[in-house]
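Report on the following structure.
The values are calculated or read from the model by the stated rules, or taken from the named source; none is laboratory data. Remember, predicted model here, so these are calculated numbers, not experimental data. When we count neighbours, we look across all protein chains shown, and the Cβ atoms used for this are built from the backbone with ideal geometry, even at glycine.
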Amino acid sequence: MTDNALLVRARAASVLEAGKVLSASTLADRAHWLSQGASSLARQADGRCDALSEATRLSIPMVEWAARTTLETITENAMLGLAQDARTSTDRALDPIGLLSVVLAGNVFTASVRGIVVPLLFGVPVLVKASSREALFPAMLRDALRSADSRLGAAIDVVAFQGGDIEAEAALVELAEAVSVYGSNETLEAISARLESTPLIAHGHGVSVAYCGTEALGDAQLGDTISKLSLDICAYDQRGCLSPQLVYVEETPDRSSMDFAERLAKDGLELLSRTLPRGPLPVSAGAAQAQWRGIAEVEGTLVRGDTYAVSVREAQPIRWSPAYRNVTVAPVPGLDEALQAMQAIGSSLKCVGADSASIPKVEAQLASSPTLSATTCAIGTMQTPSLDAPADGHPIWHGLFRT
Amino acid sequence: MTTRTELKARIEAQIAGFEAGQQVDAASRDELIEDLAAWQASRIPEYGRLQRHGAWPPALPTDVFRFRRIAAHPEADDLRVFRSSGTTSSERSVHVYRDLGLYDFAARVAARHMLFPDVDRMRLVMLAPHEDEARDSSLEYMLARFAEWFGTECTWVWRDGALDIELLMEQLRNAEASGDPVAVLGTSFAFVHAEDGLGDRRFELPPGSRVMQTGGYKGRSREVDREVLLEAIQGRYGVAAQRIINEFGATELSSQMYDTTLREHIDGSAGLRRLWVPPWVRATPVDPDTLRPVEGESVGILRIDDTANLDSVCCIQTTDLARRLDGGIVVLGRAPGATPRGCSLAADQALGPP
């Protein structure tokens, strides 16, 4: 579907108007409606997995997993807790903006959920520009919210048009008090150029990594570590900014990085290739994959299966994987060296997943880093952030209130 | 035990056979590729580590040429080093030669067959730097050999690091006045810059004239769609579309592929524009996961097994997307996100920032 500027402008006006009605409702009401909408969407998604798989180019089991793990975070309690956190974060009364325009990316289809639910929770109406590659899920979310409550449903709408449609982009942002953009740095720049004083909430290009310290590598813990890490890698076929591209592994006399890589491949990625199969590989990504795997093989460090591969190589310089379940294992003497290597990623580093024993140390070091603003989370949860997880170094409600 | 001398003789025999008008048997080419790959794997450790996928020898990714010296001979025996264009050393592929005999032989026979099948020699205008200004460019090396093999006279309109628009106009006007056909050869970038520099001036090059363009854009300057550039060149130089052909080459390869249109036009046949693959080369779109040939005309990533790559690696995995068509290959461009490479950048760098 492609919407023209006239339609985009009309929907923006309609959503803006509906926002005034929505803001008269209570936060508790909105939390209730949103949780009902999420439950309804979870049921619908189950029945439309084929279409979602086709639209997202993820396998059906992966679509099911992604929808379930995302939508189950949208509970009334979680939303009320989030609202409480937002209230206590400032001395002043929260003053929601009149309209948020959201530009979605196509790599992680469920990213629309937090991007839409959180503003609506605070009474902020939302106009969503869906990815031209994947407009189905945002439209399903809109319809589910409409079925939960008409006031809520009227305050959200979805448009779709090709990037670069100058008139439609202008119509998308002209009534917005803030614009939230998920996408490449090129997309951010293009939208930013259309904005004058309207704040931009940027969710640009990013990558994530994982760290496994010695406590996670003992015989008793290794299976669990591998299992969690594999899920983080395989979720969304490693296409998201929270997907670990690189795993720093503390090398010990008992466990070489090559041994770790082989276990990760055979006990983790191979298993998940059966339960959560990878989707089709776009030929363009495949070209990069062939080069990346070939170089790793030339270096003598590749462990591969049909739809995944693990390369072992030194922590620096970083050679980014082409995603789609191709991951690098980098041996390091310890956390200090891993963090030193991460410096090269700078502000593009979004998240560091770590084993539970290492999390406090990783958090402390990241907090004191002048160059890194990544969040920390436990391995196994990198792709399932809670509703209140920060985004790009900010609270999830960042930009939704007038200052 | 196969020796280099034996392998070289077999490669030369294939090219010479084709030059003599003999049918080159695909099975004997494939057997040569097998033997060549086995010999190279035993001498080049990086290649020897690659695993075979399917029936064919493994193909070495082009990116490896950016990180490792790929050669079956010691560095002391390097006769010539070609580098792809790029701004840093890690972006530049390096292909070393101990012997340019096969390169020359393959380049001459292919160009004679596809670019100059109807004339012995003709006037050449090169929209590229002279070999002396770009000693490490395989394209400039090839064009310099073309000047020797196919040129009555040759003018290089890239001089002292700049496109000499006045000289280009003079050459084109001279060709118009003399009525002698001319071949204008250069990079796609160079043709774009000529478009910008020539303004409203149009030319009607004499019948028999032709244009060869090569290389991509690598995201460093304005890009012009292939069809748009083709149309622009037609209008600018007054040369029919069939006589404007693309050459496909790469630093990592020793052989070139050419659009079929000129040859088919001269032969009186007409087919869709596609690349002709020399019979000593095997060009195959492969599935990126399995690295095995794709079915029919499906799009895959282009693998090129170039037997003229004797002293490096014959089987090369590129990042170009391609499909088969009527016995030839259609290259659809580089995969998005793939490492930029190619021959055009040297010319663009010479021009300075766009």
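Per-structure values
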read-out	value
Residue check for A:Pro331: at pLDDT 95 or above and assigned by TED's automatic domain parsing to the domain that holds A:Asp232	yes
Inter-residue pairs, beta-carbon under 6 Å, first modelled with pLDDT of 90 or more and surrounded by 24 or more Cβ atoms within 10 Å (Cβ to Cβ) and in the range A:234-247, second part of a helix (DSSP H, G or I) and not hydrophobic (A, V, I, L, M, F, W, C), 6+ apart	A:Pro244/A:Asp232
Index of the failed condition, B:Ala55 passing every other in (1) aliphatic (A, V, I, L, M); (2) under 23 Å from the mean Cα position of the chain (by Cα); (3) within 19 Å of B:Ile301 (Cβ to Cβ)	(2)
The lone exception for A:Thr2 - which of (1) in contact with a Lys or Arg (Cβ under 8 Å, 6 or more places away or on another chain); (2) at pLDDT below 95; (3) outside any helix (DSSP H, G or I) it fails	(1)
Residue within the range A:121-140 that is assigned by TED's automatic domain parsing to the domain that holds A:Arg48 and free of Cβ contacts under 8 Å to residues at least 24 places away in the same chain present	yes
Any hit, the range A:346-355, residues being under 24 Å from B:Cys315 (Cβ atoms) and part of a loop (DSSP other than H, G, I, E, B)	no
Test result for B:Val96, at pLDDT 95 or above, farther than 22 Å from B:Gln242 by Cα and more than 16 Å from the chain's Cα centre (by Cα)	yes
Every residue from the range A:275-310 that is in contact with a strand residue (DSSP E or B) (Cβ under 8 Å, 6 or more places away or on another chain) and closer than 18 Å to A:Ser227 by Cα	A:Val303, A:Arg304, A:Tyr308, A:Ala309, A:Val310
Qualifying positions in the range A:83-112 - part of a helix (DSSP H, G or I) and surrounded by fewer than 24 Cβ atoms within 10 Å (Cβ to Cβ)	A:Ala83, A:Gln84, A:Asp85, A:Ala86, A:Arg87, A:Thr88
Residue match in the range A:272-294 (condition: away from chain B (no Cβ under 14 Å) and surrounded by fewer than 19 Cβ atoms within 10 Å (Cβ to Cβ))	yes
Given (1) over 23 Å from B:Glu31 (Cβ atoms); (2) of a type in the set (S, T, N, Q); (3) in contact (Cβ under 8 Å) with a residue 24 or more places away in the chain, index of the condition B:Ser269 fails	(3)
Sole residue being in a helix (DSSP H, G or I), basic (Lys, Arg) and assigned by TED's automatic domain parsing to the domain that holds B:Ala111, chosen from B:Arg123, B:Arg135, B:Arg173	B:Arg173
Check on A:Pro317, in contact (Cβ under 8 Å) with a residue 24 or more places away in the chain, out of contact with any strand residue (DSSP E or B) (no Cβ under 6 Å at 6 or more places or on another chain), over 23 Å from A:Lys228 (Cα atoms) and in the same structural domain as A:Ala261 (by TED's automatic domain parsing)	yes
B:Val331 being under 21 Å from A:Gly294 (Cβ atoms), facing another protein chain (nearest Cβ under 10 Å) and not hydroxyl-bearing (Ser, Thr, Tyr)	no
Candidates B:Arg274, B:Arg282, B:Arg303, B:Arg292, filtered to the one that is within 23 Å of B:Arg92 (Cβ to Cβ), touching a residue at least 24 places away in the same chain (Cβ under 8 Å) and either within 14 Å of another protein chain (Cβ to nearest Cβ) or surrounded by fewer than 24 Cβ atoms within 10 Å (Cβ to Cβ) (or both)	B:Arg303
Of the criteria (1) more than 18 Å from A:Val329 (Cβ to Cβ); (2) touching a residue at least 40 places away in the same chain (Cβ under 8 Å), which one A:Ser284 fails	(2)
Condition check for A:Ala338: modelled with pLDDT of 95 or more, in contact with a strand residue (DSSP E or B) (Cβ under 6 Å, 6 or more places away or on another chain) and either part of a helix (DSSP H, G or I) or within 14 Å of another protein chain (Cβ to nearest Cβ) (or both)	yes
Test set (1) more than 22 Å from B:Arg52 (Cβ to Cβ); (2) within 14 Å of chain B (Cβ to nearest Cβ); (3) not β-branched (Val, Ile, Thr) - A:Pro244 fails condition number	(2)
Qualifying positions in the range B:30-71 - of a type in the set (Ser, Thr, Tyr) and not in a helix (DSSP H, G or I)	B:Thr62
Criterion: at negative phi, surrounded by 15 or more Cβ atoms within 10 Å (Cβ to Cβ) and out of contact with any Leu (no Cβ under 7 Å at 6 or more places or on another chain) - qualifying residue of B:Ala55, B:Ala41, B:Ala26	B:Ala41
Flag if A:Val298 is without any contact (Cβ under 8 Å) to a residue 12 or more places away in the chain, within 14 Å of another protein chain (Cβ to nearest Cβ), among the hydrophobic types (A, V, I, L, M, F, W, C) and more than 30 Å from A:Leu188 (Cβ to Cβ)	yes
Tally of residues being surrounded by fewer than 23 Cβ atoms within 10 Å (Cβ to Cβ) and either in a strand (DSSP E or B) or acidic (Asp, Glu) (or both) across the range A:313-329	1
Search result, residues across the range A:244-284 that are of a type in the set (A, V, I, L, M) and part of a strand (DSSP E or B)	A:Leu246, A:Val247, A:Val249
The range B:42-58 residues that are facing chain A (nearest Cβ under 8 Å), paired with ones that are surrounded by 13 or more Cβ atoms within 10 Å (Cβ to Cβ) and basic (Lys, Arg) (beta carbon under 7 Å, 6 or more apart)	B:Glu46/B:Arg68
